[in-house]
Amino acid sequence: MSNAERVIVRPVDEYNQKLVSNVHPPNWVNPQPADCYDLVVIGAGTAGLVVAAGAAGLDLGLKVALIEKHLMGGDCLNVGCVPSKTVIRSARVVGEIWDAKNLGINIPQQIDVDFPAVMARMRRVRSGISHNDSAERFQSLGVDVFLGSGKFAGQNTVEVDGKILKFKKAVIATGARAARLSIPGIEEAGYLTNETVFSLIQRPERLAVIGGGPIGCELAQAFRRLGCEVVLFHSGSHLLNKEDADAAEIVQNVLVQEGIRLVLNCQLQEVATVTEGKRLYFSVNGHRDSITVDEILVGAGRAPNVEGLNLEVVGVEYDQRQGVKVNDYLQTTNPRIYAAGDICMNWKFTHAADAAARIVIKNTLFSPFGLGRSKLSDLVMPWVTYTDPEIAHVGMYEHQAQKMGIDVTTIKIPFSSVDRAITDNEESGFVKIHHKKGSDEIIGATIVAAHAGEMISEVTTAIVNKIGLSKLSSVIHPYPTQAEAIKKAADAYRRTLLTPRTKKLLGFLTKLS
């Protein structure tokens with residue numbers, strides 16, 4: 001049996017060595033395959049890990065195999081949620097220091113940001129979490145872990161590391177990677193993506209960020225706060241153009257106030273390597289210009305990892321841009337093979353991959369026994385953009401509801417009317433809730449706040465459990481909290497139910513009292 005192929009994560013320090021020893025141990029020996037697996041999972045990112053652990057943990061004696069060619073934990077642990085939010089946490093401290101004078105705290109003008117220490121902390125945190133996704137842990141759960149490139153070899157077989165794994169059902173969970181841009185000269189000049197930016201140990205003094213979506217905005221703000229001069233390129237007329245326009249405007253204004261140069265409505269034409277660094281040539285409304293930076297960070301989209309899987313052999317249809325094609329049950333065009341996560345879904349979030357994995361477990365292992373099937377379309381999916389302030393959203397936007405012929409009423413509560421937000425000096429955001437016209441049924445919500453991600457779950461719970469604004473109004477919220485804005489929105493709906501006659505009666509009774 002051959003050892004696992006060596007994987008190196010840079011810089012090669014104690015933290016990254018610990019990370020690799022957990023999620024792709026160099027001395028790992030792949031097990032001898034079982035005669036037949038109930039489930040073979042290709043890809044050990046969030047979706048693959050949840051499917052494998054869930055199936056093995058059912059205590060039904062199932063044989064489960066998990067294949068990973070690079071790092072277990074996938075994007076989330078290694079190059080996504082964990083490292084980005086760790087760095088963002090350090091950057092948020094800088095934002096709080098910038099705001100300190102408004103809170104009566106005088107600080108030195110010059111903030112000493114120790115960039116290497118920020119990145120070392122990120123690597124330490126990541127390595128500390130990595131045991132949860134480790135090969136050793138999953139082996140202890142009863143999963144046969146194979147490190148190497150997996151590909152379909154026949155109608156019911158997968159090949160990995162020269163071994164053939166026979167399966168009853170299989171799951172494709174190979175995820176996605178940063179999309180490549182076809183800008184002349186950018187490959188020769190070199191650039192960073194979310195997959196390489198967390199390997200930095202020295203701060204780039206001048207950073208160009210390409211892409212005004214969530215990844216681009218989050219990292220642009222973080223690196224600006226950590227001391228970089230940042231220019232953010234975006235082809236659209238405003239940042240975060242898929243988000244609520246009012247929410248996006250607040251974040252865009254904050255980025256400008258913090259010193260990020262925005263280049264909107266731009267076309268990037270070429271990149272050249274010059275003595276001073278990397279020069280980007282671009283045009284805005286026909287006017288050509290250029291800027292020179294030390295590093296380029298590309299945060300513009302994701303591409304599915306469909307290559308090398310031999311999907312044609314098993315009749316699984318796929319698209320180079322959209323990924324593996326699945327139905328509402330996450331079943332591919334081969335009924336014995338399912339997919340979950342970024343490889344097949346528009347929702348490219350860790351929690352979406354987790355939820356999809358649970359659908360796959362039920363539909364592969366339980367539905368054959370008449371226990372029902374779960375649908376992707378039944379999910380109510382919240383998400384968060386981790387800028388400061390954060391933007392959190394769940395359900396439909398107003399324009400989506402209108403396109404579906406649903407009449408909506410929108411209630412907007414500005415945080416300037418919420419006592420705790422005022423005391424926190426965080427008044428610029430809002431809670432916006434959409435409900436069906438003439439009904440208290442919530443169909444969507446957007447929250448802009450420092451910790452909007454911690455607040456959106458209350459609205460998500462209400463939507464999932466069909467709790468309308470009337471009942472939400474009766475929920476007691478601690479005072480003072482920013483979440484009280486949600487209750488204020490619900491109270492605003494309740495007030496619309498008062499008829500003129502009721503209002504008149506209440507006014508009369510108030511005078512009597």
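The values are calculated or read from the model by the stated rules, or taken from the named source; none is laboratory data. Not measured: the values here are computed from a predicted model. As a convention, Cβ positions derive from the backbone with ideal geometry for all residues, glycine included, and neighbour counts pool all protein chains shown.
Taking the criterion of being surrounded by fewer than 15 Cβ atoms within 10 Å (Cβ to Cβ), modelled with pLDDT of 95 or more and not hydrophobic (A, V, I, L, M, F, W, C), the residues of the range 284-300 that qualify are 287, 288, 289, 290, 292. Consider the range 437-454 and keep the residues that are over 26 Å from residue 249 (Cβ atoms) and more than 28 Å from the chain's Cα centre (by Cα). The one that is surrounded by the most Cβ atoms within 10 Å (Cβ to Cβ) is 440. So in the range 76-116, with the set limited to residues that are of a type in the set (Gly, Ala, Ser) and surrounded by 15 or more Cβ atoms within 10 Å (Cβ to Cβ), which one is farthest from the chain's Cα centre (by Cα)? Checking each candidate, the answer is 95. Checking the stated criteria, residue 220 turns out to be within 17 Å of the chain's Cα centre (by Cα) and among the hydrophobic types (A, V, I, L, M, F, W, C). Run down 338, 329 and say which single residue is assigned by TED's automatic domain parsing to the domain that holds residue 374, assigned to a strand (DSSP E or B) and either of a type in the set (Asp, Glu) or over 15 Å from the mean Cα position of the chain (by Cα) (or both). None of the others qualify; the one that does is 338. If you take the residues of the range 36-71 that are under 30 Å from residue 221 (Cβ atoms) and either of a type in the set (Ser, Thr, Tyr) or in contact with a His (Cβ under 9 Å, 6 or more places away or on another chain) (or both), which of them is surrounded by the most Cβ atoms within 10 Å (Cβ to Cβ)? The extreme case among them is 46.
Suppose we keep only residues that are crowded, with 16+ Cβ neighbours inside 10 Å and outside any loop (DSSP other than H, G, I, E, B) within the range 198-213. Which one would you say is nearest to the chain's Cα centre (by Cα)? Among residues in the range 198-213 that are crowded, with 16+ Cβ neighbours inside 10 Å and outside any loop (DSSP other than H, G, I, E, B), the one nearest to the chain's Cα centre (by Cα) is 198. When residue 422 is tested against (1) in a helix (DSSP H, G or I); (2) touching a strand residue (DSSP E or B) at 6+ places or on another chain (Cβ under 6 Å); (3) free of Cβ contacts under 8 Å to residues at least 60 places away in the same chain, exactly one condition is not met: (2). Can you work out which of the residues in the range 161-196 that are closer than 27 Å to residue 272 by Cβ, out of contact with any Leu (no Cβ under 6 Å at 6 or more places or on another chain) and hydrophobic (A, V, I, L, M, F, W, C) is surrounded by the most Cβ atoms within 10 Å (Cβ to Cβ)? Within the range 161-196, the match that is surrounded by the most Cβ atoms within 10 Å (Cβ to Cβ) is 178. Tallying residues that are farther than 19 Å from residue 47 by Cβ and of a type in the set (Gly, Ala, Ser) within the range 293-313 yields 3. Taken together, the criteria place residue 70 among residues that are within 22 Å of the chain's Cα centre (by Cα) and in contact (Cβ under 8 Å) with a residue 60 or more places away in the chain. Test residue 311 against the stated conditions and say whether it is in the same structural domain as residue 161 (by TED's automatic domain parsing) and out of contact with any His (no Cβ under 7 Å at 6 or more places or on another chain). When the stated conditions are applied, residue 311 passes them. Any residue at all in the range 51-60 that is of a type in the set (D, E, K, R) and touching a residue at least 24 places away in the same chain (Cβ under 8 Å)? No, every residue in the range 51-60 fails to be of a type in the set (D, E, K, R) and touching a residue at least 24 places away in the same chain (Cβ under 8 Å). Restricting attention to the range 455-470 and to residues that are assigned to a helix (DSSP H, G or I) and free of Cβ contacts under 8 Å to residues at least 24 places away in the same chain, the residue that is surrounded by the most Cβ atoms within 10 Å (Cβ to Cβ) turns out to be 462.
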